[in-house]
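First up is the structure itself, then whatever we jot down about it.
The values are calculated or read from the model by the stated rules, or taken from the named source; none is laboratory data. These figures come from a predicted structure and were not determined experimentally. All Cβ positions, glycine included, derive from the backbone under ideal geometry; neighbour counts span all protein chains shown. Calculation scope for accessible area: heavy atoms of the full protein, side chains included, ligands and nucleic acids excluded. Shrake-Rupley method; radii C 1.70, N 1.55, O 1.52, S 1.80 Å.
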Amino acid sequence: SLSADFFSDTLKLPTQRMAPVKWFANGWYQDLRDLEEPLDKTMWKDAVQKLDPKREVTDDVWIFKAQWTDGFEAVGGGKLDKADLAYRKNGSGDDGGKQYRAASGEQTYDLKTNKKDADVAYDAFAGFVRTVNGVGLKDANGLEIPANDPKRFNTDAYRKAMEQNADVYGMLRAYTGLVMTGSWDNLVNPSNFAWVGEKAKDGNVKFSALPVDLDSTWGLRWD
């Protein structure tokens, strides 16, 4: 709960709330554990409006929980191992939402809200991954910047694409906070994190960072 308060109160980020609880099983005291708020639209709306009571949150909110998985087949082909935002496309060049959905088993990018719109949600998420990886950028002359050019991240085109599709400075604060709090489990895997896509009235989807699973912080390990 100390980590959650730090992200919310100091870094001013929407954050999953946590609380310490004493855990009993069959009458025996098991330990001090943490109780985590469910990742749903109510959680996101409450967290956002705690920071900005006037901000409107639409119903089109997609929360993707990052999971550590082991070699599940993606719907679009290939293996999904970990939620590291790596850009994926199959042999036919498809880089849409099917590349980020497991055909069976646990989802690497687990959609927690509005599952009836899963196809739309995962396509939007694929667009976010495409943007993060600097794919499809064009320079000032309209020429495409190669997706394997490491200099593409240091261009106005990349900055503008990221700012249009993501809360860039919120994400930077989120990852800075993970380093400051020693959130090793969130950074090493890198699972135990979430990304939230909000669809605006104009149809544009913007992604934000959502720190979750903050129990292994401040030098603590889960065991």
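Worth a mention:
- Matching residues, region 147-185, being among the aliphatic types (A, V, I, L, M) and assigned to a loop (DSSP other than H, G, I, E, B): A147
- Counted as qualifying within region 40-115 are the strands (runs of 3 or more DSSP E) with 2 or more residues that are at pLDDT below 95 and over 23 Å from M171 (Cα atoms), namely 68-73, 79-82.
- Identity of the residue in region 9-21, open to solvent by 80 Å² or more (accessible area, probe 1.4 Å) and either at pLDDT below 90 or small (G, A, S) (or both), that ends up farthest from the chain's Cα centre (by Cα): P20
- Qualifying residue in region 12-24 (condition: closer than 14 Å to V196 by Cβ, aliphatic (A, V, I, L, M) and either in contact with a Leu (Cβ under 8 Å, 6 or more places away or on another chain) or in contact (Cβ under 8 Å) with a residue 60 or more places away in the chain (or both)): yes
- Looking only at region 22-49, and only at residues there that are surrounded by 15 or more Cβ atoms within 10 Å (Cβ to Cβ) and of a type in the set (D, E, K, R), the one that is farthest from M180 (Cα to Cα): K41
- Restricting region 136-166 to residues that are polar (S, T, N, Q) and without any contact (Cβ under 8 Å) to a residue 12 or more places away in the chain, the residue that is surrounded by the most Cβ atoms within 10 Å (Cβ to Cβ) is N154.
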